[in-house]
Structures are given as C-alpha cells and as structure tokens.
Amino acid sequence: MPTTPDPRTVVHQILADYRSMAARHHAALKEHCDIEGVMDSEFDAYQETRRLAALEADEKLDTIIEVLTDAFGLPDDRPVTVLGADGVEFQVTPGRLDETARSAFTEGQCHALARAVAETTGWQTVLLANRECADQYDTCGMGDAVADGLCICQFSHLAAVRPHDGYLIDANGARDPQDVHAEERFDIVPMSPALWKLIDIHPSWRDADMPVARTLVGPLLDSLGGLPTGTKPVEVAA
C-alpha cells in the first residue's frame, strides 16, 4: 500500500528543486551581462532567455501547487477562488456544498464535478448537448472544434449518471433524464475520450478545478443518500 509522503519532506524537496531552477536561470541570464552585471549582448537574445526562464518558472509553480495540494489538501475553513464561465470568480469553501459551490459547479465547472464523481464512483458521465449551435459561435464544422460529430458550441452541461435509476447527478442534485428529454432542447450523450479531450483543450471551457471538485463529491453523495450498493450501470439513451 503506498505511503503518503511526509509534508516536511515534500516542502524540502520543493525548495531544493526551485533553488536549482533559479540558479540555472540566474546563470543563463548572467551570460548576457558584463562583469558589472550590465547587459552587453543582443537585446533579443537576452529577452528570449528571460522568456524561456519565465515559461519554466510558470510550469514549476503549477507543479508546486499540485504537489502541495496533494500533501496538505485544501483549506476547509476559508474560501478559495474557483473560475466559472465568462471569467466569473466564485469564492468556494472546499468541502462545503452551499449555494456558492452549486453555482460555481453548474456555471463553468460542471465538467470538473462530473469527472470527480466518476473518479470516486466509477459512474458514467454524460453531456447535455444542444441540438443546435448557439448563434454567437462561428466555429462549427471546423476540425478543431468538433468531436464525435458534435461542435463545441453544442456542449451545454455535464453530469454523472447514478446507475440504479439513471438519474443525472450534478451540483444541484439528481434529475430525471426524462425531464431533460421532455424539454426537447438537449440530447444526452455518453462522454467519450474524444469529447473529454475537446473540453480539455478548447479555450471556451475553463480548466477543470479538480482539487475543489473532489472535496464536494462526499457532501454531494451524502445529500443524495450515499452510494447505492449492488447496482449495475445503466445505458443512457441519446
């Protein structure tokens, strides 16, 4: 059984890795300077060195945050920022499925919660696909905006599917798929690797905030009566 790293060891490793990177960047920049530290090489070459250093530092910071989150978890006594649709920011307290969390994970982060529920339960995930593209999009039919015959502008909402009754599970609870079909606006489409990839790479969808989403799975399932046992997955009709 894998053991959890000691948090002190994690921090010390982060410090060592970051210092090593910073030293390399400092040495690379000094190659463009004279003995007094004044830049004496081509400006473009100096700027390119700085650009590459900044890119590596950004990637390193993302990795550091992931490692620290894995080691320490997110705070449950204060809110963290979750990015929703159209740049809206929500202040969500990890582990607390309140109205703010429900808004954040239905207005921009539904894909994160659907994926987090699937990770925990093994349940299927589905897409509520608009039958027609919204007028503001002009990319339909373009190869980089289509997967499995669906354009990105048709992607409306994601949910998990509760196996014993086929209900759609999202931040607002459980919904009968027949109610969705009755609206005659959406098709319910099982998610595929191609559809997930399009969500992950297309700029119209936010990066999935998985660390916060994972803290909400327990409260969400508890609100629905917990995990049913002895059930088999149901097929979802499109």
Relative contact order for the stretch 7-72: what percent, with Cα pairs under 8 Å and sequence separation of 6 or more? 42 percent
Taking only the alpha carbons of the stretch 155-209, the radius of gyration and the largest Cα-Cα distance, Dmax, both in angstrom, are 12.5, 35
Between residue 200 and residue 131, what is 0.36 nm times their sequence separation minus the Cα-Cα distance? Round to one decimal in nm. 22.7 nm
In vacuum, with every alpha carbon of the stretch 7-72 counted as one equal point scatterer, what does the Debye formula give for log10 I(q)/I(0) at q = 0.13, 0.17, 0.24 Å⁻¹? Two decimals, please. -0.46, -0.66, -0.97
If contacts are Cα pairs under 8 angstrom and at least 6 residues apart, what is the relative contact order of the chain in percent? 19 percent
Hey, how much of the P(r) for the stretch 95-223 falls beyond 26 Å, as a percent of Cα pairs? 19 percent
Neighbour-count order for 10, 38, fewest beta carbons within 10 angstrom listed first: 38, 10
Relative contact order [Cα under 8 Å, 6+ residues apart], the stretch 95-223, whole percent: 37 percent
Assertion target for 217, 67, 82, 88, ordered by fewest C-beta neighbours within 10 angstrom first, is 88, 67, 217, 82
Coarse-grained scattering of the chain at q = 0.17 Å⁻¹, given as base-10 log I(q)/I(0) from a Debye sum over alpha-carbon atoms: -1.24
I need 175, 102 ordered by Cβ neighbour count within 10 Å, fewest first. 175, 102
Rg (Å, one decimal) plus Dmax (Å, integer) for the alpha carbons of the stretch 1-121? 20.6, 61
For the chain, what is the mean residue ellipticity at 222 nm derived from helices alone (per DSSP H run of n ≥ 4: -39500 (n - 2.57); sum divided by total residues; nearest 500 deg cm²/dmol)? -14000 deg cm²/dmol
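Every number here is computed from the coordinates shown, using simple stated rules; none is lab data. The model shown is predicted, which means the values in this text are computed figures rather than measured ones. Ideal geometry is used to build each Cβ from the backbone, glycine not excepted, and the neighbour counts take in all protein chains shown.
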